[in-house]
Each structure stands twice: as structure tokens, then as C-alpha cells.
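*Asks:* Below are the C-alpha cells for one structure; questions will follow.
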Amino acid sequence: MTTPITHNGYIAMDAMRPGEDLLAEVRDLNTAGVRIPWAWTLTETVLDPYSRDQAALTFGINNDRGALTWEQGEHAFVPTTGSNTEWLTYHFAGMEETGIPPHGEVPIDTVYTALGEFLRTRVRPTCVEWQEAAPEFE
């Protein structure tokens, strides 16, 4: 039996197994109901912490809500329609805490749509209007 891809906090599209359906696994996990907010960081290739250009979509699920953050280099962006006014805590693969900036939390369908678009196009989702995220420490 293989470990579900959702058990990894960091996921590279190029490292996904053939036939693996990340969007379906995330939907199934959320539909079953989560007790804490889950999150993942998705990149096209294996995450390079030293890259100034690598793009990453951090997305999360929390029942009827979810989270989205787009990072490229030293810049982070959140949806203009995000509802949270304070930093939130989500958990990578349900374990390690990670911060979600203000305006990063959106309806779950927005997360599913953005994730599906990024998986297809491998570029920043256009189904979301983005704005610069608040810095982590103000």
C-alpha cells in the first residue's frame, strides 16, 4: 500500500506518481471532515529553499473554508477576497504548524478551483485575484 500524497506537507508535481490525483485526494480528505486546518505547499519541481525564482502554491482545507498563498521568490500573495483579518494557523499534512497571512482564507471551492488550475497550467492561478501578503512580522 502506498502512502497517500496528502501525507506529505511539500509536494512536487514532477515527483507525483502516475495516476495520482492530488485534487481528488484533497477533496476526499476534506469531505470526510478535518478537525484541524490542513495545508500543503505545491511546486512544479522539488522545492529548492535557496531558489529566488521558484513558485509555490500553499493551499489548505478546513471543511467549508480553505487557504491560498502564492509565493514566488521573496514575494507572497493572497487572494483579494480572503476573509481572515489576522494570521491563522494551518498544519502541513495535518502536523507541522504554518502561518496563513491575513486574507489567505477563502471558500473551499476557491481552493479546489485554484489547485486544479495550478495542476493543469503550472503557473499562478488566474481564477483568483491576488494582492501582496502582509509580512510575517510587522
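*Asks:* Name the most mobile residue of T98, T85, T69, meaning the one with the largest mean-square fluctuation, in a Gaussian network model of the chain with Cα contacts below 10 Å.
*Replies:* Looking only at T98, T85, T69, the largest GNM fluctuation is found for T85.
*Asks:* In nm², what is the average projected area of the convex hull enclosing the Cα atoms of the range 4-72?
*Replies:* The Cα convex hull of the range 4-72, projected and averaged over all directions, gives 4.7 nm².
*Asks:* Subtract the Cα-Cα distance of T3 and Y50 from 0.36 nm times their separation in residues, and report this length gain in nm to one decimal.
*Replies:* Stretched fully, the T3-Y50 segment lengthens by 14.1 nm.
*Asks:* If you keep only loop residues by DSSP, which trypsin sites (Lys or Arg not before Pro) in the range 1-100 have at most 10 other Cβ atoms within 10 Å of their Cβ?
*Replies:* Sites meeting the loop and neighbour criteria: R35, R52.
*Asks:* Treating only the Cα positions of the range 43-106 as identical point scatterers, give the base-10 log of I(q)/I(0) from the Debye formula at each q in 0.24 Å⁻¹.
*Replies:* -1.07
*Asks:* Just to compare against my own numbers: the Cα pair-distance distribution for the chain, 5 Å bins, whole % per bin, please.
*Replies:* For the chain, the binned pair fractions read 2, 10, 22, 26, 23, 13, 4, 1, 0, 0 percent.
Rule-based calculations on the coordinates, nothing more; no lab input. Worth saying up front: this structure is predicted, and the values here are computed from it rather than measured. Virtual Cβ from ideal backbone geometry, glycine too; neighbours counted across all protein chains shown.
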